[in-house]
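Reviewing the structure listed below.
The values are calculated or read from the model by the stated rules, or taken from the named source; none is laboratory data. None of these values were measured; they are calculated from a predicted model. Here the Cβ positions follow ideal geometry from the backbone for every residue, glycine too, while neighbour counts run over all protein chains shown. Side chains included, ligands, DNA and RNA excluded: accessible areas come from the protein's heavy atoms. Shrake-Rupley method; radii C 1.70, N 1.55, O 1.52, S 1.80 Å.
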Number of protein chains: 2
Amino acid sequence: MLKDQTFLRIPGPTPIPPSVQQALSRPMSGHRSNETSELFASLQPGLHKVFGTTQDVLILTGSGTSALEAAVVNTVQAGDEVLVIVTGSFGERFVGICEAYDITVHRLDVEWGTSFQVEDVQESLKKHPAVKAVFATFCETSTGVINPITLLSKAVNEVSEALTIVDGVSCVGGVQTRMDDWGIDILVTGSQKALMLPPGLAFIAASVRAWKCIEMNSGRGFYLDLVKYKKGLKQNSTPFTPAVSLLFGLDEALQLLEKEGFPEVFARHTLMKKMTRAAFRSLNIPLLTNDEDASETVTAVQPNDFDADAFRKVLKSEFGLSIAGGQGRLKGKILRIGHMGYCSPADMLQTLAMMEIGLLKIGKKIELGKGVAAAQQVYLTMRGTK
Amino acid sequence: MLKDQTFLRIPGPTPIPPSVQQALSRPMSGHRSNETSELFASLQPGLHKVFGTTQDVLILTGSGTSALEAAVVNTVQAGDEVLVIVTGSFGERFVGICEAYDITVHRLDVEWGTSFQVEDVQESLKKHPAVKAVFATFCETSTGVINPITLLSKAVNEVSEALTIVDGVSCVGGVQTRMDDWGIDILVTGSQKALMLPPGLAFIAASVRAWKCIEMNSGRGFYLDLVKYKKGLKQNSTPFTPAVSLLFGLDEALQLLEKEGFPEVFARHTLMKKMTRAAFRSLNIPLLTNDEDASETVTAVQPNDFDADAFRKVLKSEFGLSIAGGQGRLKGKILRIGHMGYCSPADMLQTLAMMEIGLLKIGKKIELGKGVAAAQQVYLTMRGTK
């Protein structure tokens, strides 16, 4: 086979578009140069659209976790109480960060594979009136669940003064996000998912209310102190040396999103979700989540009669196709297929066709072409048969 | 959809591997520099394997046609008699070149879509004993036919002193080629097909016997005079400025072929041919050629109940998928799918899945997934189910 051909269908990092790859290779420029400042300023309008906000979208050089940590350390302090909604590994991530700073964590644990209910969030908040911030995950990458972030802030605000802080890492850019309209106080995402970039940049925006809280907070650390980033952005710059090449790439990636058009980008992700789910359904392979909770960007399946890890191995060796396994308590039990960023319905047809061969190779009896046909049917239904 | 995503499944130019694309961007070097000389020399061993020859493989900067013309002008002159085996448009190309030089052409016309028979070649040669060269096409790109080049020289030599000159443009590199063992006197190919490069380079090698003829030939033109290229190669160089970037790319492409291994490269092309043919058979779409004549690198189908050009249009607009239509007398009547060079069985699964959607979109009633399933079955049969 083609030794260098790989298919990256994990839920991030995701494939890099050729034009972004080229942009990443632009000649290096000084991070305090006029060119870089101009570039830096030009990124804001696109990021505003991605976040659905008029607030500054700050750019950190770090992984998504760096911005999650920034969301914590800039808003709460040791001894403060917070509510963390845990729907999977990335809910746990917030818990871990908070605990590292001796913040008092109240957990709202939700069965992995399902989304949280805003009523349960309200109930928890009523029990813990001192909670200063609610931490939630938009798309829980570990389970392929999309949580009702659209409704969260309103529900929180009805019963509490707490800030609503959202990890949008594995979906923002691929699903419609209206930070301002939905009343999200802090929203975070990373570069390596729906934004079609390599890992290395994280993005964070805060509401007016959140900024008041941040500015009054005395223990914001150093590298992750958002006030520094806000001041930097006013001068079209960053407080510390940014990953300049990734800014070149971001410039191109935002242009690609604009060219495709955000409504079309979101529709493409919805289509890929539906194609993928229809395929597994037709092959009688159980999906981890129900339709209402299913993420547009990652689909989790829960094999009941074949070895998930053996399946992944054969896909990798046979085709260079990478899909993800389970994390945490779902390790070895599920498969996760990423369909976000630079990924098309045509790519999902290919992924599904390869997976059918992989299933037969590990001894699962399936009818060849059946999953592909189900996905094709969804495509035609959603895109029209003319 | 992803605006910049394209699928190039025409029979050349073919997709460029990422590492070749990178190599094409290496910093320019002087064409008479030591580095370029070293690079130039290093290309011969790989080209020897591609051609199956120990003779020099000369590199022309030009399209495949430039090397076809070189094969003509270096061996025959105005008034000489030649036999051209015409199995399609590229047989006609040889006729056109010969006629431009007032060479007397005897044609052996073969029904388009079938291969020639060596017995017919022998018969023609017996009728025309003064023929100095026989021109044949290895893979006839316009019909997807692979001709019996393995047997041609032997058959020619039994009845004639004529040289055997072969256009290998659309298959050499993708199918096993043994120029020396098969007794081919002149073999030509181009960069933009199985060699995974952009167009712009042509390759030509000649047997000891052919070199004698070339050296005695007084009217070899100027740019295409192969004696100049042979002298150049002795000094690890070219008589005229070569397309240096394409040499960088060739360096990488030959390494890719070596890494994959030539037997595996050829097996991959055979597998893609069989998958493609099985898919169209299962969809009851007639193939232009029978199995024995079918090329490993391009498959032609002959729709009998849908509009070939309308189908191509919908594939292009829906998915960015390019397949070719017919040429010459087959214009508008056939479809040609290229599966050569940087193209894998996984890519063909994707191509077939997209084509099924395209067929439904133009109103042809097919069972979704059926062609993909047939291709998957061929894959499993040929590659093993474990």
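At a glance:
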{"read-out": "19 Å Cα-Cα threshold exceeded, pairs from B:LYS127/B:LYS212; B:LYS49/B:LYS154; A:LYS386/B:LYS365; B:LYS316/B:LYS370", "value": "B:LYS127/B:LYS212; B:LYS49/B:LYS154; B:LYS316/B:LYS370"}
{"read-out": "Pairwise centroid distance, computed over Cα atoms, of region B:259-299 with region A:162-199, Å", "value": "46"}
{"read-out": "Region A:243-386 - Rg (one decimal) and Dmax (whole number), Cα, Å", "value": "16.2, 50"}
{"read-out": "Antiparallel %, DSSP beta bridges [both residues in chain A], to 5", "value": "50"}
{"read-out": "Area hidden from solvent between B and A (accessible, protein heavy atoms only, 1.4 Å, total, Å²)", "value": "3600"}
{"read-out": "Accessible area per residue in Å² at 1.4 Å probe, computed on chain B", "value": "36"}
{"read-out": "Descending semi-axes in Å of the protein assembly as shown, equivalent ellipsoid built from Cα gyration tensor", "value": "59, 30, 19"}
{"read-out": "Rg to Rh, two decimals, where region B:141-289 supplies the alpha carbon set and Rh follows Kirkwood", "value": "1.01"}
{"read-out": "Under Karplus coefficients 6.51, -1.76 and 1.60, residue-wise ³J(HN,Hα) of region B:74-79 in Hz, glycine/proline x", "value": "7, 10, 10, 10, 3, x"}
{"read-out": "Those GluC sites (Glu not before Pro) in region B:280-386 that DSSP places in a loop and that have at most 14 other beta carbons within 10 Å", "value": "B:GLU367"}
{"read-out": "Average silhouette area of region B:192-249, convex hull of alpha-carbon atoms, in square nanometres", "value": "4.8"}
{"read-out": "Integer Hz, Karplus 6.51/-1.76/1.60 couplings in order for region A:55-69, x for Gly and Pro", "value": "6, 4, 9, 7, 10, 9, 8, x, 7, x, 4, 4, 6, 4, 5"}
{"read-out": "Mean shadow area of region A:114-221, taken as a quarter of the surface of its Cα convex hull (nm²)", "value": "7.5"}
{"read-out": "Exposure of B:PHE7 as accessible area (Å², to 10), given a probe of 1.4 Å and all protein chains", "value": "20"}
{"read-out": "Assigned charges on the beta-carbon of Lys, Arg, Asp, Glu; region B:18-258 dipole about Cα centre (debye)", "value": "600"}
{"read-out": "Taking region B:18-258 and dividing mean pair separation by its residue count, relative contact order in percent (alpha carbons under 8 Å, at least six apart)", "value": "30"}
{"read-out": "For region B:18-258, average projected area of the Cα convex hull in nm²", "value": "11.8"}
{"read-out": "Gaussian network model of chain A, springs between alpha carbon atoms under 10 Å - residue of A:LEU288, A:LEU39, A:LEU197 with greatest fluctuation", "value": "A:LEU39"}
{"read-out": "Accessible surface of region B:317-386 [probe 1.4 Å, protein heavy atoms]: carbon and sulfur percent", "value": "51"}
{"read-out": "Dipole moment magnitude, nearest 20 debye, region A:194-292 about Cα centre, only Lys, Arg, Asp, Glu C-beta charged", "value": "300"}
{"read-out": "Other-chain or far-sequence residues with amide H under 5 Å of B:LEU60's (modelled H)", "value": "B:ALA202, B:PHE203, B:ILE204"}
{"read-out": "Dipole moment magnitude, nearest 20 debye, the protein assembly as shown about Cα centre, only Lys, Arg, Asp, Glu C-beta charged", "value": "240"}
{"read-out": "Helix-only mean residue ellipticity at 222 nm for chain A, each DSSP H run of n ≥ 4 adding -39500 (n - 2.57), per residue, nearest 500", "value": "-13500 deg cm²/dmol"}
{"read-out": "Local electrostatic count, A:SER19, Cβ distance below 14 Å [Lys/Arg +1, Asp/Glu -1]", "value": "-2"}
{"read-out": "Qualifying aspartates and glutamates (Cα of each under 13 Å from Cα of A:LYS333; at least 8 residues distant if same chain)", "value": "A:ASP305, A:ASP307, A:ASP309"}
{"read-out": "Protein-protein interface of region B:329-367, residues with accessible area decrease of at least 20 Å², isolated chain reference, 1.4 Å probe", "value": "B:TYR342, B:SER344, B:ALA346, B:ASP347, B:LEU349, B:GLN350, B:ALA353, B:ILE357, B:LEU360, B:LYS361"}
{"read-out": "Prolate/oblate/rounded call for region B:61-190, Cα gyration tensor, a/c under 1.5 rounded", "value": "rounded"}
{"read-out": "5 angstrom amide H check on B:PHE7, placed H, neighbours 5+ away", "value": "B:LEU321, B:SER322"}
{"read-out": "B:GLU111 paired with B:LYS331, simple spin-label distance in nm, labels 7 Å along Cα-to-beta-carbon", "value": "2.4"}
{"read-out": "Gaussian network model of chain A, Cα within-10 Å springs - most flexible of A:GLY52, A:GLY328, A:GLY190", "value": "A:GLY328"}
{"read-out": "Inter-probe distance in nm under a simple model that places probes 7 Å from Cα toward Cβ, at A:ASN304 and B:LYS3", "value": "4.5"}
{"read-out": "Tilt relative to chain A, helix A:118-127 - C-alpha long axis, 0 to 90 degrees, to 10", "value": "40"}
{"read-out": "Threshold 30 Å² - residues in region B:1-32 whose accessible area is reduced by that much or more when the chain is no longer isolated, probe 1.4 Å", "value": "B:MET1, B:LEU2, B:LYS3, B:ASP4, B:GLN5"}
{"read-out": "Equivalent ellipsoid, region B:1-109 (semi-axes from 5 times Cα gyration tensor eigenvalues, Å)", "value": "33, 23, 13"}
{"read-out": "Portion, in percent, of the accessible area of region B:18-258 that falls on carbon or sulfur, probe 1.4 Å", "value": "52"}
{"read-out": "Chain A: most fluctuating residue of A:ALA136, A:ALA67, A:ALA41 per GNM, C-alpha cutoff 10 Å", "value": "A:ALA41"}
{"read-out": "Nearest 10 degrees, 0 to 90: helix B:34-51 Cα axis against chain B principal axis", "value": "70"}
{"read-out": "Rounded to 10°, Cα long-axis angle of helix A:89-100 versus longest principal axis of chain A", "value": "30"}
{"read-out": "Two-site label geometry, B:ALA100 and A:SER25: point separation in nm, points 7 Å out along Cα→Cβ", "value": "3.5"}
{"read-out": "Charge sum, other residues only, whose C-beta stays under 11 Å from B:TYR229's C-beta, Lys/Arg counted +1 and Asp/Glu -1", "value": "+3"}
